Amino acid sequence: MMRFMLLFSRQGKLRLQKWFTSMSEREKKKIIRDMTTMVLARQPRSCNFMQWKDLKIVYKRYASLYFCLGVESQENELLALEIIHRYVELLDKYFGNVCELDIIFNFEKAYFILDEFLMGGEIQETSKQIVNRSIEASDMLQETLEEYMSKPAF
Amino acid sequence: MALPRMPAPIRLRELIRTIRTARTQAEEREMIQKECAAIRSSFREEDNTYRCRNVAKLLYMHMLGYPAHFGQLECLKLIASQKFTDKRIGYLGAMLLLDERQDVHLLMTNCIKNDLNHSTQYVQGLALCTLGCMGSSEMCRDLAGEVEKLLKTSNSYLRKKAALCAVHVIRKVPELMEMFLPATKNLLSEKNHGVLHTSVVLLTEMCERSPDMLAHFRKNEKLVPQLVRILKNLIMSGYSPEHDVSGISDPFLQVRILRLLRILGKGDDDSSEAMNDILAQVATNTETSKNVGNAILYETVLTIMDIKSESGLRVLAINILGRFLLNNDKNIRYVALTSLLKTVQTDHNAVQRHRSTIVDCLKDLDVSIKRRAMELSFALVNGNNIRGMMKELLYFLDSCDPEFKADCASGVFLAAEKYAPSKRWHIDTIMRVLTTAGSYVRDDSVPNLIQLITNSVEMHAYTVQRLYKALLDDISQQPLVQVASWCIGEYGDLLVSGQCEEEEPIQVTEDEVLDVLEGLLVSNLSTPVTRGYALTAIMKLSTRFTSVNRIKKVVSIYGSSIDVELQQRAVEYNALFKKYDHMRPALLERMPIMEKTASNGPTEIVQTNGEAEPSVVEAKHPPPVTQPTNQANDLLDLLGGNDVVPVIQTTVPTKPASAGGELLDLLGDLSLSGGPAPAPATSVPSSQPAFLLDGLTSPPLFNDIAAAGIPPMTAYNKNGLKIDFTFERANPNPNIAVITIHASNSTEADMTDFVFQAAVPKTFQLQLLSPSSNVVPTLNQGTVTQVIRVLNPQKQQLRMRIKLTYTHKGSAVQDLAEVNNFPPQSWQ
């Protein structure tokens, strides 16, 4: 299973943190520190895999954002890259040419999309269209006038 | 008159915008604090309208690293709300703030239960997601029934979520696995890929956890044919826009099926046979131009290697990996090396065929790849390829990054030991490593190498000559210098006699050799350990060289060295020259062949002519035999007093008989005049077997006193160093008190070279076992422990004098203290 997914900028600012196992705040902060340090230190054309304790770390940079997955040792690293790519595609479809600012200002949406794609450290849905449709339908349910008028609900 | 209402809390995006304008960390913190205060007031007002907004803002601030625990209960309220917007944010907040470590986690259970039965599937989805991501064991137990129900629904949106939720439940509460079994019956007949995928995950989890389940799915459910059918459809079916990734249909599902097949086929002939064809098909037909195809191939290879596949298929798999090694894509190369590492044990010959490609990967620029290539290269070394492989690996050692050097050096030593084609080659290889990566060699290599050299009798002259020449070039690499010093001490006679057969013997005089060794003693580059080696080597040469006077001079100079180790040795060696000259040749004669036991050097080396030197060297790995009793004499020198008896250290009871008697005298005479000769260490085993053998057979007792009921005490507390004593009674001898000292350091710098010594009145006997370490870490980050055993047959009041020495912030510190506050239970 996947243990965590982190999104952070090139300055090491955290944009999203998804944890698939229970950990103390201290442990989480340590992992975030370690991951940002390790990933940001990598040479530009290195391979996308690293070993960290008993986990495999798979990371990929998209524009100004690093996507970092911590997976258990029996996971397929090459497929993990595909998982990251699929998530980026989902974000892109939803936001239309997604950029880091979209994820900053609509982080809750990024989480909602992730929660339709992955769950409990495993892939939940392999069809892009179904994930997108579920998100759109959920958005429709947010029954406030503001939401209807495409203004933020909160 | 109505009270003025608070202004509406600012919107989330507004807050984000504002916070992003902060130019410093302090400015940001100020904004956050202000907003948190506003949010707190708003929470206190129990405002339903804006709760959602406030929690969302709180989650944003939480992501920036600020505490958000005061929002936990608000999340619960949001979850309980009827509005979908509230629930969405509430569940998100719960997943971020309310994990199972929080007290209020369980309060979610009822809400989740209700939402699992909600009329809107998206609400049910939220509940399933939250439960499946972070539900505690208790929550899982409570709600497993609901999950099981949803696993049987025809709504594929819910079914797939229920399947993963079930996976989580099983992970948290494995005993509940059975209850999900009936629902799995027709999971795989679904058309929906989401359900198929999550079902495969669920089946995988069950098979991995329970051999019974595994057997059940193999035999009764005929899982393998079903999976094979699904996989076949995926490969053969035409383009499906919904699941296509670069021309491959649902690679995620394919990989997951391959993984389940791996588990089903492992160790089972029938299952393996049933999947042979489809594996061959996938292996040969998958498009390899993109990463996604290679991901599937990779999984296929792993499956083939793990099950009982026919040999043709295995060769196919290894060849795929071989092709991966030549791929331009670094990731593919890395993955290939990792897989080959896994299979090198079982399919050694097949992997050997790719040896040259693997060795080429040592030159790869990528650090991850280099590491894997190095590990794999070592795994491939055997008797046939040792010469060629070692050439490549030594070249790699020369040029690789420092982070690899230690591991590579160790690997080279191990491989050389196993497969050396000749002793000369072996020595040469060791020399090469010591001279090129000498400072990265691990500490325990030094005694191992010394033992190796000792046992290569015919190579002694060659070895000492080469090591001597290496020393002339460079004295900065400590392991090299230590091994070289030791050899020169042992075989210096061969060096000056020019007896080398293997290569042109060099002409070197005794004085030149002594110059080099003395040079080591004075050089700033030499560590204290190295200096110890050098001094002992010089001493040994006194029986091999003729220029004894020079050696005597050197030894006496170091009798007043500041370094306590060196001083002690010099004093002992001086004594050897003076009173015990008749024993000197025997003590310093050539080391016999040592038997290698396990892989630990120091303890074994000690069991020879009674020369304690190598054991004293390893300050970091104290063997059961520790410092000679002479250390206690330093204590006496400073304490004076007739009523204290030096610490009796444990010594190896087996000493050669000839030296035994005289050694006793040696130790006896070295005690301070005025003090009675202490009971000699070596006679203790026979007169008081229970005492000494207890120390050797039973491990030190580091248990706390609660068991024994004797309260602990603080023996010393000064300048940031605190030493506590904890007590225990030793079985079977009730006259023995076992005291464990715990030294801790509250200052900001480590205390290194920490040595604890103790002396007790005459009527007691003391035994000090090895300390856990000689560094007391700063700021109470750890303690050094050491066990003292006190024999008190007369049940007198226990008193102790302790001496502490350590290095702190660069300067040596020494202190003495009396310990008188022993609790009565420790000696009564």
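The values are calculated or read from the model by the stated rules, or taken from the named source; none is laboratory data. It should be emphasised that the depicted structure is a prediction, and the values quoted were computed from it without experimental measurement. Heads up, the Cβs are rebuilt from the backbone with ideal geometry, glycines too, and the neighbour counts pull from every protein chain shown. Calculation scope for accessible area: heavy atoms of the full protein, side chains included, ligands and nucleic acids excluded. Shrake-Rupley method; radii C 1.70, N 1.55, O 1.52, S 1.80 Å.
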Review point. What number of residues in segment A:59-94 are open to solvent by less than 20 Å² (accessible area, probe 1.4 Å) and either assigned to a loop (DSSP other than H, G, I, E, B) or at the interface with chain B (Cβ under 9 Å from one of its Cβ atoms) (or both)?
Key: 8
Review point. More than 40 Å from the chain's Cα centre (by Cα), farther than 23 Å from B:ASP443 by Cβ and among the basic types (Lys, Arg) - does that describe any residue in segment B:469-485?
Key: no
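Tally time: how many residues in segment B:468-490 are in a loop (DSSP other than H, G, I, E, B) and not charged (D, E, K, R)?
Initially, segment B:468-490 is screened for residues in a loop (DSSP other than H, G, I, E, B), giving B:474-477.
Those left that are additionally not charged (D, E, K, R): B:475-477.
Qualifying residue count for the region: 3.
Kindly evaluate A:ARG42 against the criterion of being facing chain B (nearest Cβ under 9 Å) and outside any helix (DSSP H, G or I).
Spelling it out, A:ARG42 is indeed facing chain B (nearest Cβ under 9 Å) and outside any helix (DSSP H, G or I).
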Check your understanding: What number goes with the only condition from (1) at pLDDT below 95; (2) under 20 Å from B:MET134 (Cβ atoms) that B:LEU59 does not pass?
Key -> (1)
Revision key, fill the gap. Note: among B:ARG590, B:ARG569, B:ARG584, just one is surrounded by 18 or more Cβ atoms within 10 Å (Cβ to Cβ), modelled with pLDDT of 55 or more and not acidic (Asp, Glu), namely B:ARG569
Exercise for review: Give the number of residues within segment B:345-380 that are within 24 Å of the chain's Cα centre (by Cα) and either closer than 18 Å to B:ALA415 by Cβ or crowded, with 20+ Cβ neighbours inside 10 Å (or both).
Suggested key: 13
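This table checks each residue for (1) within 11 Å of another protein chain (Cβ to nearest Cβ); (2) out of contact with any helix residue (DSSP H, G or I) (no Cβ under 7 Å at 6 or more places or on another chain); (3) open to solvent by 70 Å² or more (accessible area, probe 1.4 Å).
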{"position": "B:ILE16", "(1), (2), (3)": "yes, no, no"}
{"position": "B:ARG29", "(1), (2), (3)": "no, yes, yes"}
{"position": "B:LYS34", "(1), (2), (3)": "no, yes, yes"}
{"position": "B:THR49", "(1), (2), (3)": "yes, yes, yes"}
{"position": "B:LEU59", "(1), (2), (3)": "yes, no, no"}
{"position": "B:CYS75", "(1), (2), (3)": "no, no, no"}
Exercise for review: Identify, by number, the condition in (1) closer than 19 Å to B:GLU503 by Cβ; (2) open to solvent by less than 10 Å² (accessible area, probe 1.4 Å); (3) not β-branched (Val, Ile, Thr) that B:ALA420 doesn't meet.
Suggested key: (2)
Review point. Residues in segment B:102-120: is at least one surrounded by 18 or more Cβ atoms within 10 Å (Cβ to Cβ) and within 12 Å of chain A (Cβ to nearest Cβ)?
Key: yes
Review point. Out of curiosity, is A:GLY120 within 25 Å of A:ARG33 (Cα to Cα), within 12 Å of another protein chain (Cβ to nearest Cβ) and of a type outside the set (Lys, Arg)?
Key: yes
Point to revise | segment B:357-377 residues that are more than 14 Å from chain A (Cβ to nearest Cβ), paired with ones that are among the polar types (S, T, N, Q) and open to solvent by 10 Å² or more (accessible area, probe 1.4 Å) (beta carbon under 6 Å, 6 or more apart) | key: none
Review point. How many residues does segment B:346-387 contain that are basic (Lys, Arg), under 23 Å from B:THR303 (Cα atoms) and assigned to a helix (DSSP H, G or I)?
Key: 2
Review point. Restricting segment B:237-260 to residues that are more than 45 Å from the chain's Cα centre (by Cα) and either at the interface with chain A (Cβ under 10 Å from one of its Cβ atoms) or at pLDDT 90 or above (or both), which is surrounded by the fewest Cβ atoms within 10 Å (Cβ to Cβ)?
Key: B:PRO241
**Study point:** Members of segment A:124-154 that are facing another protein chain (nearest Cβ under 8 Å), modelled with pLDDT of 95 or more and open to solvent by less than 10 Å² (accessible area, probe 1.4 Å)
**Key:** A:GLN124, A:GLU125, A:THR126, A:SER127, A:SER134
Practice item. Would you check if B:LEU223 is within 23 Å of A:ILE123 (Cβ to Cβ), aliphatic (A, V, I, L, M) and within 14 Å of another protein chain (Cβ to nearest Cβ)? Key: no
Check your understanding: What pairs come up if the first residue lies in segment B:407-430 and is under 17 Å from B:VAL457 (Cβ atoms) and of a type in the set (Phe, Trp, Tyr), the second is open to solvent by 10 Å² or more (accessible area, probe 1.4 Å) and in a helix (DSSP H, G or I), and their beta carbons are under 8 Å apart, counting only those six or more places apart or on different chains?
Key -> B:TRP425/B:ARG387
**Study point:** Cross-chain or 6+ apart pairs with Cβ under 8 Å, segment B:330-345 first and outside any helix (DSSP H, G or I), then of a type in the set (Gly, Ala, Ser) and open to solvent by 10 Å² or more (accessible area, probe 1.4 Å)
**Key:** B:VAL344/B:ALA379; B:GLN345/B:ALA379
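What number of residues within segment B:530-545 are among the basic types (Lys, Arg) and within 15 Å of B:GLN478 (Cβ to Cβ)?
1
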Check your understanding: In segment B:491-532, how many residues are assigned to a helix (DSSP H, G or I) and open to solvent by 10 Å² or more (accessible area, probe 1.4 Å)?
Key -> 14
Review point. Scanning for something open to solvent by 20 Å² or more (accessible area, probe 1.4 Å), more than 9 Å from chain A (Cβ to nearest Cβ) and either modelled with pLDDT of 90 or more or over 21 Å from B:ALA379 (Cα atoms) (or both), does segment B:290-302 turn up at least one residue?
Key: yes
Review point. Within segment B:773-800, which residues are open to solvent by 50 Å² or more (accessible area, probe 1.4 Å), over 16 Å from B:ASP753 (Cβ atoms) and not polar (S, T, N, Q)?
Key: B:LEU779, B:PRO793, B:LYS795, B:ARG799
**Study point:** Residue in segment B:172-191 that is in contact with a Leu (Cβ under 8 Å, 6 or more places away or on another chain) and within 11 Å of another protein chain (Cβ to nearest Cβ) present
**Key:** no
